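The values are calculated or read from the model by the stated rules, or taken from the named source; none is laboratory data. What you are looking at is a predicted structure, and each value in this text was computed from that prediction instead of being measured. Accessible surface areas use protein heavy atoms only, side chains included; no ligands, DNA or RNA. Shrake-Rupley method; radii C 1.70, N 1.55, O 1.52, S 1.80 Å.
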Amino acid sequence: MTELIELAEAALRNSHAPYSRFRVGAALRSQAGHVYSGCNVECASYPLGGCAERAAIAAAVLAEGPSLRITELHVVARDDSGTLRSAAPCGACRQLILEFSSDAVIGFLGHDGKAQRWSIRDLLPAAFNLESQSA
Ligand SMILES: [Zn+2]
């Protein structure tokens, strides 16, 4: 995951986070072996902002198409002082990651300050599944 951590670090330097001052970078590796990164982009109308994970996934889908499969994804976050911060993917991002892999490995700094590695299934055990919604 070292390469992904470095890419996520580089991505967060370009984040647009004037409101939260919480810079986030994400980088993923596809099953095809390519890597993609993204950063958070905030907006004065808060709900319109976007997460780094979803930006990385959008870049990957743009390059590889809708058959994209994610093998691993790493998130790095820092505040304005440069201090590392905990940054597990939010619920929306977990759902989107799962859309592109049910066995992706997700890395991030946990609330305890230690590096965490989870499977996406463990992070989102009861994911929304459109096919199971029919009566
Ligand atoms: Zn998110």
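For the chain, what is the percent of antiparallel DSSP beta bridges, rounded to the nearest 5? Don't jump to the answer; show the numbers that get you there.
Values: 22 of 26 bridges.
The antiparallel fraction comes to roughly 85 percent.
Among 52, 26, 104, the residue with the largest mean-square fluctuation in a Gaussian network model of the chain, with springs joining Cα atoms closer than 10 Å, is 104. GNM remark for the chain: springs join alpha carbons under 10 Å apart, and the peak mean-square fluctuation among 17, 44, 27 falls on 44.
Counting protein heavy atoms only, the chain has 54 percent of its accessible area on carbon and sulfur, 1.4 angstrom probe.
Excluding ligands, DNA and RNA, the accessible surface per residue across segment 2-124 is 51 Å² with a 1.4 Å probe. Within the listed set 101, 30, 81, the residue fluctuating most in the Gaussian network model of the chain (springs between alpha-carbon atoms under 10 angstrom) is 81.
With 11 Å as the cut-off, how large is the P(r) tail for segment 93-135, expressed as percent of Cα-Cα pairs?
On the way: 604 of 903 pairs.
Counting pairs separated by more than 11 Å, the tail of P(r) holds 67 percent.
Against the chain, whose longest principal axis comes from its Cα atoms, helix 2-12 is set at around 60 degrees.
Please report the spacing between the Cα centers of segment 59-90 and segment 1-33 in Å, no decimals. Using only Cα atoms to place each centre, the spacing works out to 5 Å.
Computed from the Kirkwood radius of its Cα pairs, the Stokes-Einstein diffusion coefficient for the chain at 10 °C and 1.306 mPa s stands at 107 µm²/s.
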